1. Order the following by accessible area, largest value first: Ile136, Ile146. Probe radius 1.4 Å; ligands, DNA and RNA are ignored.
2. Please give, to one decimal in nm, the separation of the simple spin-label points placed at Glu60 and Arg88, each 7 Å out from Cα toward the Cβ.
3. Kirkwood Rh, Cα Rg: Rg to Rh for region 111-206?
4. Mind listing the long-range amide H neighbours of Arg145? Cut-off is under 5 Å, sequence gap 5 or more, other chains count too, H placed in the peptide plane at 1.01 Å from N.
5. Between Ala105 and Asp24, what is the FRET efficiency for a Förster distance of 41 Å, r being their Cβ-Cβ separation, to the nearest 0.05?
6. Can you compute the helix-only [θ] at 222 nm over the chain? Use -39500 (n - 2.57) per DSSP H run of at least 4 residues, normalise by all residues, nearest 500 deg cm²/dmol.
7. For a quick check: with amide H placed at 1.01 Å from N, whose amide H comes under 5 Å from Leu28's, ignoring anything fewer than 5 positions away on the same chain?
8. May I ask you to evaluate 6.51 cos²θ - 1.76 cosθ + 1.60, the Karplus curve with θ = phi - 60°, for each residue of region 154-166 and list the ³J(HN,Hα) values in order in whole Hz, giving x for glycine and proline?
Amino acid sequence: MDILIGTSNPGKLGEFEALLAGLDARLLSLRDVGLGGLDVPEDATTLEANAAHKARVYSEASGLMTLADDTGLFVEALGGAPGIYPARYGGPGLTMAERRGKLLAALAEAGAGEGARTARFECVIALCQPHTGELITVRGICPGRIALEEAHGEGGFGYDPVFIPDGYRESFSQLPEAVKNQISHRGRAAQMMVAELRRLSASGSG
Ligand code: ITT
């Protein structure tokens, strides 16, 4: 079974490679199939619709079974911002470090101290079958809080240096990759998707 991982985010790609390593499948990146330059505009209003759109576009372009994810970050004290478009938070043209800085500044401005920084990551993974266009979506949620300041470690990407998952003191950047993959929004969704893929493979439709 070949599975195209439809993401242009190298951090996500690395996580998917680890999360799907137990499957009897060949994992391909967009670059592997010559689609490295194909950017899919995200303008739907739900994580499901954006993930499904990405999976469908890459599946149609490659003719392969394709998986894509859309991830949101919801911070309670900011009324749910950054929301379903965290890659755009703070405005166009910013680096991820600048976006994280904007998030910390917004929380400081809102007077959200140590006990008022509840947040969650949500990740929807969509799988699109070639030819039929059949879609499966699963959702993983990771509750946590936004750190008072950036806490860098060896790993992670995006907002990981400012996100502390519930039950831990370290940010996702500081926790070992295996721990993030076990408890994260993407890890939880991937566990469900692996079950779906095993089912498809056993029924001969994978
Ligand atoms: P693709 O659409 O190509 O997959 P993307 O980075 O645009 O890549 P999203 O639309 O899902 O993906 O953007 C989500 C934003 O949230 C983006 O800025 C990521 O860096 C960030 N992000 C996604 N997953 C994350 C994670 O597990 N930890 C920290 N930040 C994450």
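The values are calculated or read from the model by the stated rules, or taken from the named source; none is laboratory data. All of these numbers come straight from a predicted model, not from anything done at the bench. With ideal geometry, Cβ positions are generated from the backbone for all residues, glycine too; neighbour counts draw on all protein chains shown. SASA here: full protein model, heavy atoms, side chains in, ligands and nucleic acids out. Shrake-Rupley method; radii C 1.70, N 1.55, O 1.52, S 1.80 Å.
1. Values: Ile136 25, Ile146 5 Å².
So, going from the largest accessible area down, we get Ile136, Ile146.
2. Reported label-point gap for Glu60 and Arg88 is 2.1 nm.
3. Working: Rg = 16.5 Å, Rh = 14.8 Å.
On the Cα set of region 111-206, Rg over Rh gives 1.11.
4. Ala119, Ile164, Asp166
5. Values: r = 47 Å, r/R0 = 1.15.
That gives a FRET efficiency of 0.30.
6. Working: 5 runs with 66 residues, N = 206.
That comes out to -10000 deg cm²/dmol.
7. Under 5 Å from the amide H of Leu28: Ile3, Leu4, Ile5.
8. 7, x, x, 7, x, 8, 4, x, 10, 10, 10, x, 4
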